[in-house]
Amino acid sequence: MKRYYIDLGSSTIKVYVYEKELTLQEEHSIYFKNDFDPEKGISEYNLKELCDYFEEIKSKYDLKYYNTNIYVTGIFRNLVQDRKTDLVKLFNDKFDLHFNIISHGIENYYLAKAMENDYNGKKVLIINMGGKTTELVTFAGNKIVNSQNINIGVADLLNNFLKVNDKYSGDTPEDMEQFVLDKLNDISLDADYDCAIFTGGEERFELLTGFNLVPNTLFDDGIHKYMVSLEDYIEGTKKVFYDISLEELYELMPANPKWMDGARSGAIIPLVLFKKANVKWIIPSDLNLINGVINDSN
């Protein structure tokens, strides 16, 4: 039987199907942070778009309570309990689906399950960045030795740098880096990592935008085929800021162009973390918590 898994975050909804293997079917971006209020909930406009989208995918994939799991993260955790309850009730009554808001701890658990590997004995920093939060997990060998959550995400940069999504960015990576550094002043990281894995669609993005990816020679897990040096990551980021227009970024992802609104800002938080951790090689990854859900159940 096909099973459907939906990852619903602060800005993007990803629909997966699992039948022998996990496949991303589609994704849709909604900026839930816009006009968000913990007491009042997400905006009426965004709630309507959310419901319209679920009506569409429920019909398209024949989503049922017994074949569909929804994992809700990010900004939805900030809702007061009454608003969380409202969404659970709405999804139960309107779609016969469970709106499952998971804790940071559970998200970290599934992220770790998604990335579980011996990494050829390497020490690896896993970075999973969302709209409002970023999760960090450290593997040494095949064991998790540290995990932490930081309260900064793509939305923080979009809210503070209003020219970043001009045709070509009117904000500089350097100014945005300094903003993140100030926010992460109290965050300390080890300086002996062999590499960092940046998850959540990053491999797809770097392939689309032409980062200088080379074959991954650090480990072979059959999934992560590429790596990029810190220097080339910085150059690739500058290219996205200054050489590729926003319209061209949209054209690279015609099925969900709004995802690219976070492309420039989304490069900066991991860049700061790479530098703080003295990482020389970055492994782009398309894995996320749903991969962890599947790994945990098998």
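Readers should treat all values here as calculations from the given coordinates under stated rules, not as data from a laboratory. Quick caveat, the model's predicted, so the values are computed rather than measured. Neighbour counts are summed over all protein chains in view; Cβ atoms, including those assigned to glycine, are modelled from backbone coordinates with ideal geometry.
In a Gaussian network model over the chain where Cα atoms closer than 10 Å are linked, find which of 233, 110, 18 has the largest mean-square fluctuation.
Evaluated over the chain, the most mobile residue of the options is 18.
Does a label point 7 Å from the Cα of residue 297, set along Cα-to-beta-carbon, have any residues of the range 11-25 with amide nitrogen under 18 Å, and which are they?
Flagged as within label range: 14-25.
For the chain, compute Rg over Rh where Rg is the Cα radius of gyration and Rh is the Kirkwood radius from the inverse mean 1/r over Cα pairs. Numbers along the way, then the final one.
Numbers: Rg = 18.7 Å, Rh = 19.8 Å.
Reported Rg/Rh (Cα atoms, Kirkwood Rh): 0.95.
Using alpha carbon centroids, what distance separates the range 144-168 and the range 1-29, in Å?
What the calculation gives is 23 Å, centre to centre.
Counting only DSSP beta bridges with both residues in the chain, what percent are antiparallel, rounded to the nearest 5?
Details: 33 of 46 bridges.
Taking every DSSP beta bridge within the chain, about 70 percent pair in antiparallel fashion.
Starting from the Cα gyration tensor of the range 122-185, multiply each eigenvalue by 5, take the square root, and state the resulting semi-axes largest first in whole Å. Write out the running numbers ahead of the final one.
Values: eigenvalues 165, 26, 22 Å².
Value: 29, 11, 11 Å, ordered largest first.
Taking a threshold of 23 Å on the Cα-Cα distance, which of the pairs 48/84; 84/258; 132/258; 122/275 fall above it? Show your work: numbers first, answer last.
Numbers: 48/84 16 Å; 84/258 26 Å; 132/258 17 Å; 122/275 18 Å.
Over 23 Å apart, Cα to Cα: 84/258.
Using unit Cβ charges (K, R positive; D, E negative) and no other charged atoms, how large, in debye to the nearest 20, is the dipole of the chain about its Cα centre? Working shown, then result.
On the way: 32 positive and 48 negative charges, 119 e Å.
Roughly 580 debye, rounded to the nearest 20.
Can you tell me which of 238, 143, 94 moves the most in a GNM of the chain? Springs connect C-alpha atoms under 10 Å apart.
The residue with the greatest mean-square fluctuation here is 94.
How do 104, 224, 98 line up, fewest other C-beta atoms within 10 Å first?
Numbers: 104 16, 224 21, 98 13.
With the sparsest Cβ surroundings first, the list reads 98, 104, 224.
Take the Cα atoms of the range 3-95, build their convex hull, and give its volume per residue in Å³. Don't skip to the end; give the middle numbers.
Numbers: hull volume 8.4 nm³, N = 93.
Cα-based convex hull of the range 3-95, divided per residue, equals 90 Å³.
At q = 0.10, 0.20 Å⁻¹, work out log10 I(q)/I(0) for the range 183-298 with the Debye formula, treating every Cα as an identical point scatterer and leaving solvent out; two decimals please.
For the range 183-298, the Cα-only Debye profile gives -0.33, -1.18.
Which one of 57, 70, 152 has the biggest mean-square fluctuation once the chain is modelled by GNM with Cα springs under 10 Å?
Result: 57 has the largest fluctuation of those listed.
If each DSSP helix of 4+ residues adds -39,500 (n - 2.57) and the sum is divided by the residues in the chain, what number results at 222 nm, nearest 500 deg cm²/dmol?
On the way: 11 runs with 112 residues, N = 298.
Calculated from helices alone, the mean residue ellipticity at 222 nm is -11000 deg cm²/dmol.
I need 82, 286, 175 ordered by Cβ neighbour count within 10 Å, fewest first.
Working: 82 9, 286 16, 175 12.
Lowest to highest Cβ neighbour count: 82, 175, 286.
Apply the Kirkwood formula to the range 242-298: the hydrodynamic radius equals the inverse of the mean of 1/r over all pairs of different alpha-carbon atoms; give it in Å with one decimal.
About 14.0 Å, per the Kirkwood formula over Cα pairs.
Let's test this: bin the Cα-Cα distances of the range 79-171 at 10 Å from zero up to the farthest pair and state each bin's percent.
Taking every Cα pair in the range 79-171, the percentages come to 14, 28, 27, 25, 6.
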